[in-house]
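*Asks:* The structure under discussion is supplied below as C-alpha cells; questions concerning it will follow.
The values are calculated or read from the model by the stated rules, or taken from the named source; none is laboratory data. Just so it is clear, the structure is predicted and the values come from calculations on it, not from any experiment. Here the Cβ is made from the backbone with ideal geometry for all residues, glycine too, and neighbour counts use every protein chain on show.
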Amino acid sequence: MTRIFETPIYPYQRSADQDAPAPVRHKVVVVGAGPVGLVTAIDLAHQGVPVVVVDENDKVSFGSRAICFAKRPLEILDRLGCGQQMVDKGVTWNLGKVFFHDREIYSFNLLAGQGHRRPAFINLQQYHFEKFLVDHIRYMQTQGAPIEIRGRNKVSAVGLHDDHVTLEIDTPEGSYNIDADWLVACDGANSPIRKMLGLGFSGQVFEDNFLIADVVMEAEFPTERWFWFDPPFNKGQSALLHKQPDNVWRIDMQLGWDIDREEELKPENIRRRLHAMLGRDAKFELEWTSIYTFQCARMERFRKGHVLFAGDSAHQVSPFGARGANSGIQDADNLAWKLRAVINGDAPEALLDSYCDEREQAADENILNSTRSTEFITPKSEISHIFRDAVLDLAEHHEFARPLVNSGRLSVPTIHDGSPLNGPDAPGLPQETRPGAPAVDAPLRKGWLLDRLGDGFRLLAIGINVPDELAGIEVVQVAADESDALAERWLGGAGGALYLIRPDQHVAARWLEYDRDAITAAHERALGRQ
C-alpha cells in the first residue's frame with residue numbers, strides 16, 4: 001500500500017528563475033512547506049501578496065507527527081477558506097480522561113457552553129493537514145492567486161542586506177540565486193536558516209525519552225484523549241492514547257532517560273509494549289514509530305532584519321498540550337497581515353516588531369505551560385513524585401484538586417495584554433473579548449460572527465448605530481439580540497458595544513459609545529503609525 005507521505009505532491013519543476021540572467025527579486029519567500037510555512041504563504045497570497053515557498057523535500061511529512069489541531073487554528077483556516085476540509089476529515093473530540101494506575105480518576109470537557117462552530121480539537125495526521133494545504137494552494141493558483149511552491153529547492157546560503165535578502169538554492173539541476181524583499185523562515189526545529197545566520201536558542205532540554213507509535217487497528221475505544229499516570233502496562237511512566245482518521249491510533253509512551261534507543265525501536269520490542277497496553281490478542285499494524293526528546297526554548301528575537309522566524313524555527317515546546325503546530329499557525333496569522341501592511345506602504349516597518357512582541361509573549365506562555373506539564377508528568381525528585389501522586393489520589397474524589405493535575409494543559413490562544421497595538425478598553429465588558437484577545441465566535445441569525453469579520457480592519461458595532469463611513473475600516477453592524485452567546489461573550493450586561501477588530505481577528509480596542517476620532521486614533525495605533 002502506497003501511503004500519502006510516500007508520494008511527491010509538489011515535485012521538482014524547473015522555474016524561470018533558474019534561467020534568468022540575474023537573480024529575480026520576490027516580495028516574500030517562505031522557506032519550509034510544513035504546516036506553518038504553508039499557512040503563512042496561503043495567508044499572504046489570500047491578501048494579494050506574491051509569495052514563493054521553497055522546500056528541500058517534495059512530499060508531505062513522514063508519519064503523523066502533529067495531530068491535535070485546536071479551535072483557534074481551525075478558525076484561522078476557516079478565514080483562509082480551507083478549514084472545512086480539515087474538520088470533515090479529522091476526528092472531533094472535546095472530552096479527555098485521566099487515569100492513575102489502573103483506574104479513571106476524572107474526565108474533562110474542553111468546550112465550555114453552547115454556540116461554537118468549531119470543536120475544541122480535531123485529530124488529523126500532519127500529512128493529511130499538509131496535503132489539504134497544498135491542495136488549497138493549487139486551487140488558489142487556478143483563481144490567479146500569486147503563490148508558488150517549489151519542491152526539492154534547498155536553501156544553501158543566505159545573505160542579509162539593508163532592504164532585502166539573497167538566497168542560494170540547490171536543485172537537482174544545479175544551483176541558482178534569488179532575492180527576496182522579505183524571508184520568512186518556517187524550516188523547523190533544526191532551522192538551517194537560523195544556523196546560517198548564527199542565531200541561537202535559549203531554554204531547557206528535558207532528559208527523557210518518549211516512544212510514538214502510530215498503529216492501524218480497529219478498536220472500540222471512544223473518541224477521547226486518554227492519559228495514564230503510572231499505568232500497569234508502563235510502570236512508573238506515562239502513556240497517551242488518541243484516535244486519528246483512517247483507523248490510525250496515536251500511542252505515546254514515556255520510556256525514561258537511560259535507554260538503548262536502537263533496541264527500543266526494534267518492531268518486536270514496540271509490539272511487546274503495545275500488547276501489554278492493548279491486550280495479548282490485539283491486532284494492529286505499525287504505521288510509523290519514533291523516539292523523541294525535546295526542549296522548551298526560543299530565539300531571543302523572532303526577527304533579524306528582513307528575515308522573520310515562525311513556528312518551530314523560532315520556538316520549541318514539549319508535545320504535551322499540542323502547542324507546537326497550533327502556536328505556529330497563530331504566528332502565521334499574526335505575521336501575514338502585518339507583512340502585507342508594510343509591503344503595501346500602509347504601515348511602517350516597525351509594525352513587524354509588534355509581531356516579535358506578541359508572538360514572543362505567546363512563546364513564553366507556551367514554554368511556561370509546557371514546562372509545568374513536563375514537570376508534573378515526569379517528576380524529577382522524590383518529593384515531586386510524592387506530591388504528584390497525592391494530587392492524583394485527591395483528584396479522584398475531590399474537584400478542588402483537579403485543576404492541579406497537569407497531563408498537558410491543552411493549547412489555548414494567547415491574549416496579547418500589553419501589546420503596543422492595543423487601544424482603549426471600555427469598562428464593564430467581558431474579559432474574554434478585551435483588547436489583545438482573539439475574537440470569540442458566536443452564532444448569528446444567519447451564519448457565524450467570525451465569517452462576518454473577514455480579514456481586514458473591521459468595526460464591529462453590536463447594538464449601536466455607526467452614522468458614517470470610516471477610512472480603511474469596514475463597519476459590521478450586528479443586532480444585540482442575535483444570540484445569547486453573542487450577548488454573553490461580547491456585551492456582558494451592556495446594551496451595546498463597539499469593537500475595533502484587526503485583520504487577524506484580534507480585538508484592538510472597544511467602546512460603549514461611538515467616537516469617530518477615538519476609533520480613527522485606535523486604527524492608527526493598531527497599524528503602528530502612532
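*Asks:* Looking at region 1-20, I want the residues that are closer than 16 Å to ALA33 by Cβ and have a partner that is among the hydrophobic types (A, V, I, L, M, F, W, C) and not in a loop (DSSP other than H, G, I, E, B) with Cβ atoms under 8 Å, at least 6 apart or on another chain. Which pairs are those?
*Replies:* Between residues of region 1-20 that are closer than 16 Å to ALA33 by Cβ and residues that are among the hydrophobic types (A, V, I, L, M, F, W, C) and not in a loop (DSSP other than H, G, I, E, B), the close pairs are ILE9/VAL134; TYR10/VAL134; TYR10/ILE149.
*Asks:* Hey, another quick one. Among the candidates VAL476, VAL466, VAL507, single out the residue that is among the β-branched types (Val, Ile, Thr) and more than 28 Å from the chain's Cα centre (by Cα). Steps first, answer last, please.
*Replies:* On the way: VAL476 fails: more than 28 Å from the chain's Cα centre (by Cα); VAL507 fails: more than 28 Å from the chain's Cα centre (by Cα).
None of the others qualify; the one that does is VAL466.
*Asks:* Given the criterion within 30 Å of PRO119 (Cα to Cα) and more than 22 Å from the chain's Cα centre (by Cα), identify the matching residue among PRO231, PRO172.
*Replies:* PRO231
The rows are residues; the columns are (1) at pLDDT below 95; (2) of a type in the set (A, V, I, L, M, F, W, C); (3) within 24 Å of ASP312 (Cα to Cα).
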residue: ILE4; (1), (2), (3): yes, yes, yes
residue: ALA20; (1), (2), (3): no, yes, no
residue: PRO23; (1), (2), (3): no, no, no
residue: VAL31; (1), (2), (3): no, yes, yes
residue: VAL39; (1), (2), (3): no, yes, yes
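*Asks:* Okay, next question. Based on what the data block shows, is GLU482 at pLDDT below 95, among the acidic types (Asp, Glu) and farther than 19 Å from ASP417 by Cα?
*Replies:* Working: at pLDDT below 95: no; among the acidic types (Asp, Glu): yes; farther than 19 Å from ASP417 by Cα: yes.
So GLU482 does not fit the description; no.
*Asks:* Right, next: Check THR293 against each of (1) touching a residue at least 40 places away in the same chain (Cβ under 8 Å); (2) in a helix (DSSP H, G or I); (3) polar (S, T, N, Q) and name the one condition it does not meet.
*Replies:* (2)
*Asks:* Count, please, the residues in region 179-204 that happen to be under 30 Å from THR378 (Cα atoms) and either free of Cβ contacts under 8 Å to residues at least 60 places away in the same chain or in contact with a Phe, Trp or Tyr (Cβ under 6 Å, 6 or more places away or on another chain) (or both).
*Replies:* Counting residues in region 179-204 that are under 30 Å from THR378 (Cα atoms) and either free of Cβ contacts under 8 Å to residues at least 60 places away in the same chain or in contact with a Phe, Trp or Tyr (Cβ under 6 Å, 6 or more places away or on another chain) (or both) gives 1.
*Asks:* Okay, moving on. Pairs under 7 Å by beta carbon, first residue closer than 24 Å to ALA347 by Cα in region 317-335, partner surrounded by fewer than 24 Cβ atoms within 10 Å (Cβ to Cβ) and aromatic (Phe, Trp, Tyr), six or more apart or different chains?
*Replies:* From region 317-335, the pairs are ASN334/TYR355; LEU335/TYR355.
*Asks:* Further question on the same structure: Quick check on my filter: what residues within region 434-456 are surrounded by 20 or more Cβ atoms within 10 Å (Cβ to Cβ), in contact with a Gly (Cβ under 9 Å, 6 or more places away or on another chain) and either in a helix (DSSP H, G or I) or of a type outside the set (Gly, Ala, Ser) (or both)?
*Replies:* PRO435, ASP441
*Asks:* Continuing with this model, one more query. So which pairs qualify, if the first residue must be in region 205-221 and acidic (Asp, Glu), the second must be surrounded by 15 or more Cβ atoms within 10 Å (Cβ to Cβ), the Cβ gap must be under 6 Å, and the two must be at least 6 apart or on different chains?
*Replies:* Here the result reads ASP208/THR378; ASP214/SER64; ASP214/VAL248; ASP214/ARG250; ASP214/GLU287; ASP214/TRP288, each pair linking region 205-221 to a residue that is surrounded by 15 or more Cβ atoms within 10 Å (Cβ to Cβ).
*Asks:* For LEU274, only one of the following conditions fails: (1) part of a loop (DSSP other than H, G, I, E, B); (2) more than 22 Å from the chain's Cα centre (by Cα); (3) at pLDDT 95 or above. What is its number?
*Replies:* Of the numbered conditions (1) part of a loop (DSSP other than H, G, I, E, B); (2) more than 22 Å from the chain's Cα centre (by Cα); (3) at pLDDT 95 or above, the odd one out for LEU274 is (1).
*Asks:* Suppose we keep only residues that are in contact with a Gly (Cβ under 6 Å, 6 or more places away or on another chain) and at pLDDT below 95 within region 318-349. Which one would you say is surrounded by the fewest Cβ atoms within 10 Å (Cβ to Cβ)?
*Replies:* Restricting to residues being in contact with a Gly (Cβ under 6 Å, 6 or more places away or on another chain) and at pLDDT below 95, the top hit is GLY321.
*Asks:* Let me ask something additional. Can you find a residue in region 127-146 that is small (Gly, Ala, Ser) and at pLDDT 95 or above? Even if it seems obvious, please write down each step before you answer.
*Replies:* As a first pass, look at region 127-146 and keep what is small (Gly, Ala, Ser): 144-145.
Next, from what is left, pick out any that are at pLDDT 95 or above: 144-145.
Yes, because at least one residue in region 127-146 is small (Gly, Ala, Ser) and at pLDDT 95 or above.
*Asks:* Hey, GLY113 hits all of (1) touching a strand residue (DSSP E or B) at 6+ places or on another chain (Cβ under 9 Å); (2) within 19 Å of VAL440 (Cβ to Cβ) but one; which does it fall short on?
*Replies:* (1)
*Asks:* Residues to consider are ILE343, ILE291, ILE270; find the one that is of a type in the set (A, V, I, L, M), in contact with an Asp or Glu (Cβ under 9 Å, 6 or more places away or on another chain) and over 24 Å from SER407 (Cα atoms). Explain how you work it out, then say what you get.
*Replies:* On the way: ILE291 fails: over 24 Å from SER407 (Cα atoms); ILE270 fails: over 24 Å from SER407 (Cα atoms).
Within the list ILE343, ILE291, ILE270, the selection yields ILE343.
*Asks:* Taking the residues in region 215-230 that are surrounded by fewer than 21 Cβ atoms within 10 Å (Cβ to Cβ) and not hydrophobic (A, V, I, L, M, F, W, C) as candidates, determine which candidate is farthest from PHE69 (Cα to Cα).
*Replies:* Once the filter is applied, the top-ranked residue is ASP230.
*Asks:* Restricting attention to region 294-335, report how many residues are among the polar types (S, T, N, Q) and closer than 14 Å to ALA70 by Cβ. Can you show your working first?
*Replies:* Restricting attention to region 294-335, the residues satisfying the condition of being among the polar types (S, T, N, Q) are 295, 313, 316, 318, 326-327, 330, 334.
Cutting the leftovers down to closer than 14 Å to ALA70 by Cβ gives us 326-327, 330.
Qualifying residue count, region 294-335: 3.
*Asks:* Restricting to region 403-426, give me the number of residues that are without any contact (Cβ under 8 Å) to a residue 60 or more places away in the chain and either assigned to a loop (DSSP other than H, G, I, E, B) or among the hydrophobic types (A, V, I, L, M, F, W, C) (or both). Walk me through how you get there before you give the answer.
*Replies:* Going residue by residue through region 403-426, those that are without any contact (Cβ under 8 Å) to a residue 60 or more places away in the chain are 403-404, 406, 415, 417-418.
Add one more test, that the residue is either assigned to a loop (DSSP other than H, G, I, E, B) or among the hydrophobic types (A, V, I, L, M, F, W, C) (or both), and what stays is 404, 406, 415, 417-418.
Result for region 403-426: 5.
*Asks:* In addition: Which of (1) farther than 30 Å from ARG529 by Cα; (2) in a strand (DSSP E or B); (3) at pLDDT 95 or above is the odd one out, the single condition GLU287 does not satisfy?
*Replies:* All conditions are met except number (3).
*Asks:* A follow-up question, please. Select from region 199-248 the residues that are outside any loop (DSSP other than H, G, I, E, B) and among the β-branched types (Val, Ile, Thr) and write down the one among them that is farthest from VAL317 (Cα to Cα). Don't jump to the end; show me each part of the working.
*Replies:* Step one: of region 199-248, the residues outside any loop (DSSP other than H, G, I, E, B) are 202-216, 225-229, 238-244, 248.
Now restrict to residues that are among the β-branched types (Val, Ile, Thr): 205, 212, 215-216, 248.
Working: VAL205: 10, ILE212: 16, VAL215: 25, VAL216: 27, VAL248: 25 Å.
If we take residues in region 199-248 being outside any loop (DSSP other than H, G, I, E, B) and among the β-branched types (Val, Ile, Thr), then VAL216 is farthest from VAL317 (Cα to Cα).
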